[in-house]
1. Using the structure shown, decide if Thr116 is open to solvent by 40 Å² or more (accessible area, probe 1.4 Å), hydroxyl-bearing (Ser, Thr, Tyr), at pLDDT 90 or above and not in a helix (DSSP H, G or I).
2. Checking Asn50 against (1) modelled with pLDDT of 75 or more; (2) touching a helix residue (DSSP H, G or I) at 6+ places or on another chain (Cβ under 6 Å); (3) open to solvent by 40 Å² or more (accessible area, probe 1.4 Å), which test does it fail?
3. Tell me which of these Gly96 doesn't satisfy, since it passes every other one: (1) at pLDDT 90 or above; (2) open to solvent by less than 50 Å² (accessible area, probe 1.4 Å); (3) under 25 Å from Glu56 (Cα atoms); (4) not in a helix (DSSP H, G or I).
4. Would you confirm whether any residue within region 114-124 is touching a strand residue (DSSP E or B) at 6+ places or on another chain (Cβ under 9 Å), within 14 Å of Thr6 (Cα to Cα) and basic (Lys, Arg)?
5. Would you check if there is a residue in region 102-109 being away from the ligand (no atom under 16 Å from the Cβ), over 17 Å from the mean Cα position of the chain (by Cα), loosely packed, with under 11 Cβ neighbours inside 10 Å and not in a strand (DSSP E or B)?
6. Which residue is most open to solvent (accessible area, probe 1.4 Å), if the candidates are limited to region 56-76 and must be of a type in the set (Asp, Glu) and under 13 Å from Glu117 (Cβ atoms)?
7. Select from region 127-150 the residues that are open to solvent by 40 Å² or more (accessible area, probe 1.4 Å) and in a helix (DSSP H, G or I) and list them in ascending order.
8. Which ones in region 11-21 are touching a residue at least 60 places away in the same chain (Cβ under 8 Å), over 11 Å from Met133 (Cβ atoms), in a helix (DSSP H, G or I) and within 13 Å of the chain's Cα centre (by Cα)?
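The values are calculated or read from the model by the stated rules, or taken from the named source; none is laboratory data. The shown structure was predicted, so the numbers you read here are calculated from the model rather than taken from an experiment. We place every Cβ from the backbone using ideal geometry, glycine too, and count neighbours over all the protein chains shown. Keep in mind that these areas ignore ligands, DNA and RNA; they rest on the heavy atoms of the full protein, side chains included. Shrake-Rupley method; radii C 1.70, N 1.55, O 1.52, S 1.80 Å.
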Amino acid sequence: MKITGTIINYYFHCKRQCYLFANRVNLEDNSEDVRMGRVLHEIKAKDGNNTEIKYENMVLDKVTSQYIEEYKKSDADTEAAKMQLLFYLKNLKDKGIIKEGKLIYNEKNKKENNKTEIIKLDDVNLKKLENCMEQIEILINQKNVPEVEKENKCKRCAYYEYCYL
Ligand code: SF4
């Protein structure tokens, strides 16, 4: 399977989730968070406010003349969000489109305090991304499914039933 932004994000969330998703065990429909995200996108689309762009293996929240903007519900998993955005920046650069990234942490009930971070595809970040993608290739092509991680994050994970029941 071709690496996608979601696979990169899952790699940082949980190696088992990343492996399962990349090997076509997609349980996203079980997730309340994902369902909520989909409904919000549908409402925005109806209102003509949906800025999401699907392009090849990328889903870009918003594209402006300078930035690829990525919106996150919280800053709980910044490394995953950064790497996902770097992946988009690199894919676009490979096609001759040079942009910077803007991560916007759109926290619930904190509209006035949204945190924004600018992400650039410089040499250091490019190296990090390439290393990460190499590790993901190794992980998703291994024979055995990684063990259940047994952490608090499991309770809200779309794969909870698959892992525990
Ligand atoms: S339930 Fe836990 S171990 Fe299973 S995929 Fe989700 S986070 Fe990983």
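1. yes
2. Result: Asn50 passes all but (1).
3. Single failed check for Gly96: (2).
4. Checked region 114-124: no residue is touching a strand residue (DSSP E or B) at 6+ places or on another chain (Cβ under 9 Å), within 14 Å of Thr6 (Cα to Cα) and basic (Lys, Arg).
5. Yes, that holds for at least one residue.
6. Asp75
7. Lys127, Lys128, Glu130, Asn131, Met133, Glu134, Gln135, Glu137, Ile138
8. Phe12, His13, Gln17, Cys18, listed by residue number.
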